[in-house]
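Here is the structure we will look at, set down as structure tokens.
The values are calculated or read from the model by the stated rules, or taken from the named source; none is laboratory data. Only a predicted model underlies this, so the values are computations on that prediction, with no experimental measurement involved. Cβ coordinates were reconstructed from backbone atoms using ideal geometry, including for glycine residues, and neighbour counts include every protein chain displayed.
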Amino acid sequence: MAMTLKAPEGCHLIQKILIAAAYSKPEVKVEVVTREKKGYIVEGSPLKKVPVLQTEAGALFESDAIARYVAKQKGNPASLFGRSAVEAAQVDSWVTFASTEVEAPVNSWVWTAEGKLSANPALVKAASSDCRKLLSSLDQVLKTKTFLVGERISLADIVLCCALIGGFRVVFDGKLRKPFKNVVRWFVTVVNQEEVAKVVGAVILAGDKKACNASVAPEVAAAPAAAVVAPVAAAEEPAAEEKKDADEDDFDVFGDDDDDEEHEAEIQRIADAAAAAKAAKGKVVIAKSVVVLDVKPWDTETDLKALEEKIRGIEMEGLEWKNSELKPVAYGLKKIVIMCHIVDTQVSVDDLQEKIGEFEDDVQSTDVVTFTKL
């Protein structure tokens, strides 16, 4: 008996489910549903959310759980959970990683670029930073691997690919992709699998003109699964690119490199000033600067008041702590923005950041916001 997958038209969450079905070969019928005032009229979801899979034995909700179930149908013929208990657990680890670590920053960035979310430069900057950190970590993992688990494609690759595909199509342009060659190689390998292409269709990487899976996508462009999922059309991408270009005058989401260069230039200016002061005969010059630091915690459960007390407990000759405030980052997370005055010849900002970083259970990262001469 065919299973029925209920979801709204264009729902990105069903892609991984349909790809899993393409490998394990169960009969899955997609039924398009529309949202009512009180949610979707579907049985089986306690919060009336979709997707929902109706089976002969009962209903399933939550897309990851549905994907796991579908992948195991007919004896898991494609070995989407690997070939051992350890590999099966590794697959589950990556599935959880995709939903808890990847989807939020990628979707926030993509949906803002597409206009589905209101323009929010702070949110975009935080999301883009998180995406680059994720891609950097993945690049190291994939340095010696073709697939995430074992020697063949698994549900781990399918779910993570689907979590990243919006980013690759809309905001991960050539400049961003360049340092992450292993991730790009892996992603292109996955979307070139025929079973994947049947669902996601042609995948044009942001900034490119030709699909990276053109050799398989045209042959399956008319497949029902691709039509149901309704991937982002290539014709829409120039508009997204034009919007991104227009916004770049106001906000540079790839500003970290420039910020680093400015920071290094400022450090060099201070060093030169200190050297000049030392060389000046009969003159005593005390160069001071105002430094504003961002201190980002690991999660929303961190006691920021206690963390600030720890930071203010750092004592260095030539260091004087000033005002501070809490500012929102994204997804309910807040950061500490704290100001200090330093004597340039006595306090190194790098050393100060290292001391704050020693509170490693609470601090995820520190950044220099401003570095101004007094």
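Some observations on this one:
- Within segment 85-121, the set of residues being in contact with a helix residue (DSSP H, G or I) (Cβ under 9 Å, 6 or more places away or on another chain) and among the polar types (S, T, N, Q) comprises Gln90, Ser93, Thr96, Ser99, Asn107, Ser108, Thr112, Ser118, Asn120.
- Residue match in segment 4-22 (condition: more than 27 Å from the chain's Cα centre (by Cα), at pLDDT 85 or above and part of a loop (DSSP other than H, G, I, E, B)): no
- Counted residues, segment 172-182 - those being surrounded by fewer than 24 Cβ atoms within 10 Å (Cβ to Cβ) and under 23 Å from Thr100 (Cα atoms): 4
- Comparison of Thr300, Thr345 shows that the only residue that is closer than 27 Å to Ser118 by Cβ and of a type in the set (S, T, N, Q) is Thr300.
- For segment 166-178, a residue qualifies if it is of a type in the set (Gly, Ala, Ser) and touching a residue at least 40 places away in the same chain (Cβ under 8 Å), and the qualifying residues are Gly166, Gly167.
- Looking only at residues of segment 100-123 that are surrounded by fewer than 18 Cβ atoms within 10 Å (Cβ to Cβ) and of a type in the set (Gly, Ala, Ser), we find that the one that is farthest from Lys327 (Cα to Cα) is Gly115.
- For beta carbons closer than 6 Å, sequence separation of 6+ or different chains, a first residue in segment 129-141 that is over 18 Å from Ala330 (Cβ atoms) and a second that is in a helix (DSSP H, G or I), the qualifying pairs are Leu138/Val183; Asp139/Asn182; Asp139/Val183.
- Exactly one residue out of Ala163, Ala156, Ala126 is among the small types (Gly, Ala, Ser), in contact (Cβ under 8 Å) with a residue 24 or more places away in the chain, surrounded by 20 or more Cβ atoms within 10 Å (Cβ to Cβ) and farther than 26 Å from Lys335 by Cβ: that is Ala156.
- Listed by first and then second residue, the pairs with beta-carbon distance under 6 Å, at least 6 apart or on different chains, first residue in segment 39-62 and on the phi > 0 side of the Ramachandran plot, second of a type outside the set (Asp, Glu) and part of a loop (DSSP other than H, G, I, E, B), are Gly39/Lys48.
- Residue check for Val349: surrounded by 15 or more Cβ atoms within 10 Å (Cβ to Cβ) and within 32 Å of the chain's Cα centre (by Cα): yes
- Members of segment 319-344 found to be loosely packed, with under 14 Cβ neighbours inside 10 Å and either part of a loop (DSSP other than H, G, I, E, B) or of a type in the set (S, T, N, Q) (or both), listed by number: Asn323, Gly332
- Leu304 fulfils the conditions (1) closer than 17 Å to Pro121 by Cβ; (2) at pLDDT 90 or above except for a single criterion, (1).
- Hits in segment 304-318 (condition: over 13 Å from Val363 (Cα atoms) and surrounded by 11 or more Cβ atoms within 10 Å (Cβ to Cβ)): Arg312, Ile314, Met316, Gly318
- Residue within segment 293-300 that is in contact with a helix residue (DSSP H, G or I) (Cβ under 8 Å, 6 or more places away or on another chain), assigned to a loop (DSSP other than H, G, I, E, B) and of a type outside the set (Lys, Arg) present: no
- Residue in segment 345-359 that is modelled with pLDDT under 90, part of a strand (DSSP E or B) and among the aliphatic types (A, V, I, L, M) present: no
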